[in-house]
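Engineer: Just dropping this structure here.
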Amino acid sequence: MKPLKRIFVVGGELSTFIGKGHPDFVWKKHPDFGKRENPSLEDYLSQAINGALEKTGVDAEAIDRGFVGNFAGELFNSQGHLGAMAVRANEKLVGKPFTRLEGACASGGLAILSAMDALHAGSDVVMAVGAEVQTTVSAREGAGYLARASHWEEERSIDEFTFPAMFARRAKHYKEAFGVTDEDIAHVTVKAYENANKNPKAHMSKVSWDLESASTPGDRNPAFLGNEELKPHLKVSDCSQVSDGGAAVILATEEGLKKLGKKPEDCIEVLAYAQATSPLGQVKDYTVLDNTKMAADQVYADAGITPEQVQVAEVHDCFAVTELLMYEALGFAEKGKGAELARAGETGLTGKIPVNTGGGLLAFGHPVGATGVKQLLEIYRQMKGQCGDYQLAERPEIGLTANMGGDDRTTVCIALKDV
Ligand code: CAA
């Protein structure tokens with residue numbers, strides 16, 4: 001929808017995203033093992049909330065409502081009731097209405113949508129925060145938790161690594177339909193890690209992949225699925241990370257900006273937002289993200305912009321092939337031509353439509369509930385010139401986010417403009 005009143009993103013903050021492969025992540029061979037613990041879900045909520053207040057100079061007293069995106073706190077951390085957990089972060093938030101939203105990997109996007117709905121309903125200043133801690137269990141066990149975002153009864157049995165297998169199935173169909181190769185898909189991985197290597201907050205800031213190793217299965221890059229039909233279509237380098245982290249943003253109306261003593265030009269503006277939801281377990285065509293396309297078409301129509309006008313995008317690259325499908329669903333490439341766009345380098349930092357400039361889910365990391373919130377904040381940071389070594393040479397004026405839950409079953413798209 002097109003906002004009924006002007007909505008501004010005032011700013012926010014995110015934690016470093018960490019997990020296996022990040023130097024700060026404590027695991028059994030880490031020198032700090034037994035000496036310190038990795039941050040908890042509560043730590044990330046607190047870091048993000050207080051970080052966002054500090055970064056924006058907003059007094060917590062000014063926050064009217066808060067929305068918390070988290071997918072599976074009950075499973076990974078034995079912790080639900082995260083609205084009440086979030087207000088532990090700051091005593092000035094005690095008593096304020098904070099509510100948790102869940103829509104699988106789109107939980108963060110849904111938190112932002114609810115925050116904007118609250119602005120329409122009369123609030124002036126709201127916060128959306130997202131956090132997830134997934135490293136409490138092995139990747140295999142965690143894959144079972146993440147599989148709750150599929151139709152459990154009908155889809156869980158595809159593989160113990162349910163989501164990797166569902167997207168290996170998309171890769172298989174996409175490659176077969178359009179003659180795309182593993183090397184074409186690997187361009188997405190290489191770009192993601194190159195960007196993350198410029199981003200100190202990224203989970204994979206110190207890890208890199210070259211085109212040959214990302215294209216080829218091997219000891220470092222195992223094809224790890226148990227499903228024999230799908231196994232050849234997915235390797236470790238094709239996958240987003242099992243990350244921990246948090247992110248928070250503050251949004252306000254014009255009235256809210258006045259209360260905060262801020263000007264519209266300190267902010268970026270929401271042009272339009274949309275959510276589309278499709279039935280679990282009923283993907284009609286594995287070569288298309290048709291749910292995302294519905295959300296994107298709506299957002300373009302409501303914002304009055306075309307894909308050609310978008311100068312920076314944050315898209316849900318839960319797997320490398322997903323980013324190619326995103327290019328097509330968002331109108332950056334025609335059907336079947338996403339791989340050509342990646343191969344030509346057009347979605348890199350110097351290309352015509354830079355995508356996932358900080359490394360995306362593949363290499364910035366994917367702390368599920370935080371991802372949608374981080375996407376919005378990344379567009380803000382690019383527009384305000386805050387991205388350090390991965391800052392685009394020309395600050396973008398129009399940006400887009402696409403945050404997806406499940407196998408393209410819930411998608412949130414937001415169109416943004418610098419003021
Ligand atoms: N040869 C063969 N097999 C090997 C191997 C080798 N050299 N090394 C590892 N493996 C196999 C093993 O079977 C191993 O499992 P077990 O050890 O448990 O038997 C498996 O590969 C994974 O190995 P690791 O646990 O050592 O791998 P890791 O911890 O480095 O994790 C990863 C790698 C499995 C790819 C992990 O990063 C991952 O699961 N990523 C995807 C996360 C994900 O699915 N997120 C959700 C995305 S979907 C979305 O966004 C939408 C939504 O709503 C859910």
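Engineer: What's log10 of I(q)/I(0) for region 295-419 at q = 0.13, 0.14 Å⁻¹, Debye sum over Cα points only, no solvent?
Structural biologist: -0.45, -0.53
Engineer: Regarding the chain, what are the three Cα extents along the principal axes, ordered largest first, in Å?
Structural biologist: The principal-axis extents, from largest down, are 58, 52, 42 Å.
Engineer: Let me ask another. Could you quote the convex hull projected area for region 112-223, Cα atoms only and averaged over all directions, in nm²?
Structural biologist: 11.1
Engineer: Report the FRET efficiency, 1/(1 + (r/R0)^6), for ASP389 and GLU141, where r is their Cβ-Cβ distance and R0 is 25 Å, rounded to 0.05.
Structural biologist: FRET efficiency, ASP389 to GLU141: 0.10.
Engineer: Restricting things to alpha carbons, tell me how big region 71-113 is in terms of Rg and Dmax, in Å.
Structural biologist: 11.2, 30
Engineer: I've got another one for you. Share of Cα-Cα pairs in region 1-124 beyond 27 Å, in percent?
Structural biologist: That tail contains 25 percent of the Cα-Cα pairs.
Engineer: Treat the count of other C-beta atoms within 10 Å as a stand-in for reagent exposure and order THR99, THR189, THR287 from fewest to most.
Structural biologist: Going from least to most buried by this count: THR99, THR287, THR189.
Engineer: Taking the beta-carbon count within 10 Å as an exposure proxy, list VAL137, VAL368, VAL129 from fewest neighbours to most.
Structural biologist: If I rank by nearby Cβ atoms, fewest first, I get VAL137, VAL368, VAL129.
Engineer: For region 170-304, what's the relative contact order in percent, using C-alpha pairs closer than 8 Å and at least 6 residues apart?
Structural biologist: After rounding, I find 21 percent.
Engineer: Apply the Karplus parameterisation 6.51 cos²θ - 1.76 cosθ + 1.60, with θ equal to phi minus 60°, to every residue of region 9-18 and state each ³J(HN,Hα) to the nearest whole Hz, in sequence, with x for glycine and proline.
Structural biologist: Karplus values, whole Hz, x for Gly and Pro: 9, 7, x, x, 8, 9, 7, 5, 8, 10.
Engineer: Next up: Below 8 Å, C-alpha to C-alpha, sequence gap of six or more: please give me the relative contact order for the chain in percent.
Structural biologist: Relative contact order comes out at 25 percent.
Engineer: Order 177-184, 381-388, 242-249, 267-274 from most to least packed using the mean count of other Cβ atoms within 10 Å.
Structural biologist: The peptides rank, most packed first, as 242-249, 267-274, 381-388, 177-184.
Engineer: Given the convex hull over the Cα atoms of region 233-355, what projected area results after averaging over all orientations, in nm²?
Structural biologist: So the Cα hull casts an average projection of 10.4 nm².
Engineer: Another question about this same structure. With just the Cα atoms of region 184-282, tell me how far they stretch along each of the three principal axes, in Å, largest first.
Structural biologist: 58, 38, 25
Engineer: Sticking with this structure for a sec: Note down the relative contact order for region 284-401 as a percent, whole number, built from C-alpha pairs under 8 angstrom at least six residues apart.
Structural biologist: Here the relative contact order equals 29 percent.
Engineer: While we're here: Looking only at the chain, where both bridge partners belong to it, what percent of the DSSP beta bridges are antiparallel (to the nearest 5)?
Structural biologist: The antiparallel proportion sits near 70 percent.
Engineer: How do ILE63, ILE185, ILE353 line up, fewest other C-beta atoms within 10 Å first?
Structural biologist: By the 10 Å Cβ count, ascending, the order reads ILE353, ILE63, ILE185.
Computed from the coordinates by the stated procedures, all read-outs in this text should not be read as laboratory data. Quantities reported herein were computed from a predicted structural model and do not represent experimental measurements. Cβ sites come from the backbone with ideal geometry, for glycine too, and all protein chains shown count toward neighbours.
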